[in-house]
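One structure below.
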2 protein chains.
Amino acid sequence: MKNIYFTPGPSALYPTVHGHIQEALEKDIFSISHRSEAFKQIYRNTVVSLRSLLNIPNDFFIFFLASATEAMERIIENCAADSSFHFVNGAFSKRFYTIANELKKNPQKVEVEFGNGFNFSNLTIPDKTELIGFTQNETSSGISTPLENIYEIKRHYPEKLVAVDIVSSIPFVDVDYSKIDCTFFSVQKGFGLPAGLGVLVVNRRCLDKSLALKKKNLNIGSYHNFLSIKEQGDKFQTVETPNVLAIYLLGKICEDLIEFGIEKVRKETQLKAGMLYKFFEQHKDFEPFVKEKTFRSQTVIVVNTTVDSEIVINKLRQNGFIVGTGYKEYKNGQIRVANFPSHRIDDVDKLLDCL
Amino acid sequence: MKNIYFTPGPSALYPTVHGHIQEALEKDIFSISHRSEAFKQIYRNTVVSLRSLLNIPNDFFIFFLASATEAMERIIENCAADSSFHFVNGAFSKRFYTIANELKKNPQKVEVEFGNGFNFSNLTIPDKTELIGFTQNETSSGISTPLENIYEIKRHYPEKLVAVDIVSSIPFVDVDYSKIDCTFFSVQKGFGLPAGLGVLVVNRRCLDKSLALKKKNLNIGSYHNFLSIKEQGDKFQTVETPNVLAIYLLGKICEDLIEFGIEKVRKETQLKAGMLYKFFEQHKDFEPFVKEKTFRSQTVIVVNTTVDSEIVINKLRQNGFIVGTGYKEYKNGQIRVANFPSHRIDDVDKLLDCL
């Protein structure tokens, strides 16, 4: 029996991935030149499918990077001369802040305790802030920040750029791109793909900012600065030799999800999240870590365990179910269960039966 | 009939890659957590196999990046505060220089015409230079710089760090690591693997330099600065979610090459290069672009064509052989033929028969 991976990423492969990889081998996807027409066709297809699936407007540009972590670095390099501001409520939002610090951008932050949501009243963001960073779905704590709160911040500070990490909520999360400036994600979570690709979606204002910094002779990075990626991207090309397979597979999975129906994906995600939270609320050995329902992630369910989580994880593993540990210091007291499009209702049923 | 790719990268897959990918699918390599023991085992295995195959000493550290282009950026960020020097003789050595420029490191260069080697007499490198960059095998022009010349520069300037791009000569090139400070390559060329992984090999002096820059509060990059990668690497971990498949496959191919015998790989490479150069020297429609034999790359053979190269390339394609075009402005007047371990003597024979 094959294991079912409910880990928060890398996670279960989307069921069609095996077939797409076989096809890639047959079609010599691994050997074609990244400067060939065949590659340009792949690039174009992936951009078109992704735009269609996620409803990304034409005035937003899609960039392929190596990871979501790289996306954080490139956003900081290209969207802030010396002042970013971060909403920190877990390991990944903290990393966004840390990267800004490492790149000498004097970041500021509002920070709440692990497992909490933000209180948006009485919040002031310094005037000089150029870029505001959100982690919409904290993979470490299972906290989801409502999009409305993020849009509201953008309405209050229209001159500042707003960047939103949707790494572990995409493609469930339905972003209104007109109300933010930039989002990013990786593919080994909700898309059920092999790791090794980050996707960054930026609007014209981000490009303008990058150009303004360049004109001031500031360091906006080298081969992966926004202007270089955009210039190549306009020709359906990348600056460097990219992870061709990953770009190919992302396009294929987008087509599969379009065929399945994105609304159906979203409804099923909510249904499965409901099943999971209800089960853990009622079980004597478990309780959802996030108390306030508004902040509960629908895609990464974090659960406190009364016994050492290792016992739970091992028991599940013996039955073919792999779930995630708690994040770092929460390793032994929590488990994390991913709820991605790859996870069928039937799989969730079986997991809960086993628990 | 399957095509045989003689393109200079991406190129033909090493014959065992198909099987390794199937095994990766069966063993859930795509789904395992990059924080799991299973991943650490893969990481460790790849480092050990690579070290063994390439004879990399234990005091050199192996870093996994996304591409060789990224390696150039990270070297510049971590090994120079404000002064690098570059040997430029083609598109990729030029890129190394350009990246240093983009990162505001005031690079200087010695530049020779496309297709020429360097004259190392009467060469002065400024005192303040911290880092010297070489592209040992220029994939754009087919020029190879003899390792002895590079070692000689290091002997003359022992205090400066010497970084050597061996992207398209590895694993043929046999580097004496004690005579340089850092090398880098990608895997879609000589290793016959899917694109999407860069490998950077650095010694302690590079790490010390990175630390010194950090202590001066200079920007050495964020998640992929040398110190962060080293810290995680010591635990057989990566900073970000990496291209797990690529790291896995690299380890497997290193094992395969060790079994085949690296000396045999090198001998066969020379034999095939000899066949190719001899053929093109004697053919009325072709001539090797690089005139001086000392500078002729054994792994990327660049050939002038008397007719438009498109005609040659299309003719070969009809017979199942894919060769590369000339680089950029040389596109129509040259072809490039790769000679990697994936290309068997028999394949080269067939290609030459067809020509």
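Which ones in region B:43-76 are within 12 Å of chain A (Cβ to nearest Cβ) and either in contact with a helix residue (DSSP H, G or I) (Cβ under 9 Å, 6 or more places away or on another chain) or open to solvent by 40 Å² or more (accessible area, probe 1.4 Å) (or both)?
Selection gives B:F64, B:L65, B:A66, B:A68, B:T69, B:E70, B:M72, B:E73, B:R74, B:I75, B:I76.
Which condition number does B:Y97 fail, the rest of (1) touching a residue at least 24 places away in the same chain (Cβ under 8 Å); (2) part of a loop (DSSP other than H, G, I, E, B); (3) not polar (S, T, N, Q) being met?
Tallying (1) touching a residue at least 24 places away in the same chain (Cβ under 8 Å); (2) part of a loop (DSSP other than H, G, I, E, B); (3) not polar (S, T, N, Q), B:Y97 fails exactly one: (2).
Would you confirm whether or not region B:1-15 contains a residue that is hydrophobic (A, V, I, L, M, F, W, C), more than 9 Å from every other protein chain (Cβ to nearest Cβ), surrounded by fewer than 16 Cβ atoms within 10 Å (Cβ to Cβ) and touching a residue at least 40 places away in the same chain (Cβ under 8 Å)?
yes
Suppose we filter B:K252, B:K215 for residues that are open to solvent by 20 Å² or more (accessible area, probe 1.4 Å), of a type outside the set (A, V, I, L, M, F, W, C) and farther than 24 Å from B:S52 by Cα; which single one remains?
B:K215 is the lone residue from the list that is open to solvent by 20 Å² or more (accessible area, probe 1.4 Å), of a type outside the set (A, V, I, L, M, F, W, C) and farther than 24 Å from B:S52 by Cα.
Only one of (1) more than 21 Å from A:F39 (Cα to Cα); (2) of a type in the set (S, T, Y); (3) in contact with a Lys or Arg (Cβ under 8 Å, 6 or more places away or on another chain); (4) open to solvent by less than 30 Å² (accessible area, probe 1.4 Å) is not met by B:S31, so which one is it?
It fails just one condition, (3).
Just to check your reading of the model, which residue among A:V175, A:V202 is crowded, with 16+ Cβ neighbours inside 10 Å and either in a loop (DSSP other than H, G, I, E, B) or within 14 Å of another protein chain (Cβ to nearest Cβ) (or both)? I'd like the intermediate steps shown before the answer.
Numbers: A:V202 fails: either in a loop (DSSP other than H, G, I, E, B) or within 14 Å of another protein chain (Cβ to nearest Cβ) (or both).
Answer to the check: A:V175.
Being within 13 Å of chain B (Cβ to nearest Cβ) and either open to solvent by less than 30 Å² (accessible area, probe 1.4 Å) or under 13 Å from A:E77 (Cβ atoms) (or both) is the requirement here; does A:K189 meet it?
Yes, satisfied.
Return yes when A:G192 is within 21 Å of the chain's Cα centre (by Cα) and not acidic (D, E) and no when it is not. It would help to see each step written out before you state the result.
On the way: within 21 Å of the chain's Cα centre (by Cα): yes; not acidic (D, E): yes.
For A:G192, the condition - within 21 Å of the chain's Cα centre (by Cα) and not acidic (D, E) - is met.
Considering each of B:I322, B:I229, B:I301, B:I220 in turn, give the residue that is within 14 Å of chain A (Cβ to nearest Cβ), surrounded by 19 or more Cβ atoms within 10 Å (Cβ to Cβ), modelled with pLDDT of 95 or more and under 27 Å from B:Y14 (Cα atoms).
Criteria check complete, one pass: B:I322.
Taking region B:247-271 on its own, how many of its residues are within 16 Å of B:P171 (Cβ to Cβ) and within 12 Å of another protein chain (Cβ to nearest Cβ)?
Number of matching residues: 1.
Is it fair to say B:L316 is in contact (Cβ under 8 Å) with a residue 24 or more places away in the chain and more than 30 Å from B:F114 (Cβ to Cβ)? Explain how you work it out, then say what you get.
Details: in contact (Cβ under 8 Å) with a residue 24 or more places away in the chain: yes; more than 30 Å from B:F114 (Cβ to Cβ): no.
When the stated conditions are applied, B:L316 does not pass them.
Quick check on region B:237-247. Is at least one of its residues more than 24 Å from A:K189 (Cα to Cα), open to solvent by 10 Å² or more (accessible area, probe 1.4 Å) and of a type outside the set (S, T, Y)?
no
Within region A:110-146, can you find the residues that are open to solvent by less than 40 Å² (accessible area, probe 1.4 Å), of a type in the set (S, T, N, Q) and free of Cβ contacts under 8 Å to residues at least 60 places away in the same chain?
Matches in region A:110-146: A:T129, A:T135, A:Q136.
The values are calculated or read from the model by the stated rules, or taken from the named source; none is laboratory data. Since the model is a prediction, treat every value here as computed from it, not as a measurement. Using ideal geometry, Cβ is built from the backbone for each residue, glycine included, and neighbour counts are taken over all protein chains shown. What goes into the accessible areas is simple: the full protein's heavy atoms, side chains included, and nothing from ligands, DNA or RNA. Shrake-Rupley method; radii C 1.70, N 1.55, O 1.52, S 1.80 Å.
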